[in-house]
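A quick write-up on the structure given underneath.
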Amino acid sequence: RTRARCCHHVHAQEALPTLSALILSGSTVAAAVRSEVAERVARLNERGQSVGLATVLVGDDPGSQIYVRSKHRAAEAAGIVSIDRRLPGSVSQAEVLATIAELNEDDRVTGMIVQLPLPDGLDGGAAVEAVDPGKDSDGLHPFNLGRLVLSRPAPLPATPSGILRMLDYYGIETAGKTAVIVGRSFLVGRPLALLLGAKGVDATVIQAHSRTPDLPGVCREADILVTAAGRPNLFNATYVKPGATVVDVGINRTDDGLVGDADFDAVVDVAGAITPVPGGVGPMTIASLMVNTVALAEAKDD
């Protein structure tokens with residue numbers, strides 16, 4: 001869509017410039033990825049091998065329940081068998097680890113996801129480390145993150161790899177571009193920095209965070225700006241270089257519904273391309289989990 005951008009210094013008789021940001025639909029890309037996954041699953045099924053995805057959900061966090069349901073729907077649509085393990089929030093750490101150990105030994109389970117965060121008092125990091133690295137659909141096991149650092153084959157963290165798939169689908173150039181990632185979590189920020197800076201992707205990466213001086217100024221250097229700060233509508237038009245691609249990883253629940261870290265209505269007038277929330281990065285994360293799961297099954301089949 002096209003919008004007029006206001007400027008107080010433009011004379012009335014001058015035409016206002018119009019910019020139209022390309023909306024990067026994760027839902028569209030994810031549908032294409034899921035179709036490809038379904039074909040790969042079907043080929044494995046023809047050889048007598050099923051593909052199974054197990055999820056471990058602890059407690060009754062509404063957001064986590066929604067994510068897990070979405071993952072199972074996507075799995076079933078691709079022909080992947082769903083194995084849904086739910087534990088009450090009152091369980092002990094030992095019970096969580098015992099459930100993961102059981103799934104590690106279950107031949108039906110090709111890939112596994114521990115839904116984070118775990119309830120207070122439980123160690124999510126220890127739970128992720130308990131997953132067999134060969135069944136790590138999330139790509140978050142330290143062994144697999146280490147292989148990412150070393151540029152060796154491994155399941156890739158789902159959200160970062162989903163972002164790269166989306167940029168590739170829409171032809172967003174990365175080589176020689178400056179990418180600013182705001183956020184340094186092991187879920188998104190740190191692995192995404194490695195992937196964007198890797199050979200063949202070749203972006204120049206700046207990892208920014210809450211303690212970065214002049215954060216708006218740093219963000220304005222970005223050809224590709226990734227907002228993963230977890231603060232609703234923090235990034236307004238003053239953070240965005242005209243024509244930049246804005247990838248909004250934030251999913252924030254507000255009284256107005258789900259919003260991203262970027263103020264979409266303000267930024268869409270400045271950016272060259274932007275992901276919406278919802279419907280942007282979220283579907284790509286789930287699609288990437290399916291890619292990892294079928295790839296783990298293919299590796300086992302070899």
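Phi angles across the stretch 107-123 convert, under the Karplus curve 6.51 cos²θ - 1.76 cosθ + 1.60 with θ = phi - 60°, into 3J(HN,Hα) values of 5, 6, 8, 7, x, 9, 10, 9, 6, 9, x, 7, x, 3, x, 10, 9 Hz, Gly and Pro given as x.
The charge dipole of the stretch 7-147, taken about its Cα centre with unit charges on the Cβ of Lys, Arg, Asp and Glu (plus for the first two, minus for the last two), comes to roughly 500 debye. Among F264, F143, the sequence by solvent-accessible area, most first, with a 1.4 Å probe is F143, F264. Charges on Cβ only, +1 for Lys and Arg, -1 for Asp and Glu, centred on the Cα centroid of the stretch 177-279; of V277, P232, I206, which one is farthest towards the dipole's positive end? Farthest towards the positive pole: I206. Around G280, what is the net charge, scoring Lys/Arg as +1 and Asp/Glu as -1 over all other residues with Cβ under 14 Å from its Cβ? Its environment carries a net charge of -1. P(r) for the stretch 92-183, from all Cα pairs and a bin width of 5 Å, is 3, 12, 18, 19, 18, 12, 9, 5, 4, 1 %, short bins first. Straightening the chain between A38 and R73 buys 11.3 nm, computed as 0.36 nm per residue apart minus the Cα-Cα spacing. If you wrap a convex hull around the C-alpha atoms of the stretch 132-236 and split its volume per residue, what is the figure in Å³? Here the figure is 112 Å³ per residue.
In a simple Cβ point-charge model (Lys, Arg +1; Asp, Glu -1; nothing else charged), the stretch 135-193 has a dipole of about 160 debye relative to its Cα centre.
Computed in the context of the full set of protein chains, the accessible area of the chain at 1.4 Å probe radius has 52% of its extent on carbon or sulfur. Summing charges over neighbours of A32, with a neighbour being any other residue whose Cβ is under 12 Å away from its Cβ, gives -1 when K and R count +1 and D and E count -1.
Between the stretch 187-259 and the stretch 149-169, the alpha-carbon centres lie 17 Å apart. Hey, how much of the P(r) for the stretch 175-302 falls beyond 27 Å, as a percent of Cα pairs? Looking at the stretch 175-302, the distances longer than 27 Å represent 20 percent of pairs. Taking a straight line from the alpha carbon of K71, these aspartates and glutamates sit under 17 Å away, with near neighbours fewer than eight places off in the same chain left out: E36, D60, D61, D84, D136, D138. Between the listed residues T174, A94, A297, the Cα displaced farthest toward the positive end of the dipole of the chain, a dipole computed from Cβ unit charges relative to the Cα centre, is found at T174.
Here's the list of lysines a cross-link from K241 could span, going by alpha-carbon distance under 27 Å and ignoring same-chain residues fewer than 8 apart: K177, K199. Note that the stretch 133-260 presents 47 Å² accessible area per residue, ligands and nucleic acids not counted, probe 1.4 Å. Taking the Cα centre of the chain as origin and assigning +1 to Lys and Arg Cβ atoms and -1 to Asp and Glu Cβ atoms, the resulting dipole is close to 560 debye. Here the chain carries DSSP beta bridges of which approximately 15% are antiparallel, counting only pairs with both residues inside. A cut-off of 5 Å between modelled amide H atoms, ignoring neighbours fewer than 5 places along the same chain, links L22 with A273, I274.
Under a 5 Å amide H cut-off, with hydrogens placed 1.01 Å from N, A198 pairs with A203 among residues at least 5 apart or on other chains.
The values are calculated or read from the model by the stated rules, or taken from the named source; none is laboratory data. Predicted, not measured: the structure shown is a model, and the values here were computed from it. Using ideal geometry, Cβ is built from the backbone for each residue, glycine included, and neighbour counts are taken over all protein chains shown. Just the protein is used for accessible areas: all its heavy atoms, side chains included, with ligands, DNA and RNA removed. Shrake-Rupley method; radii C 1.70, N 1.55, O 1.52, S 1.80 Å.
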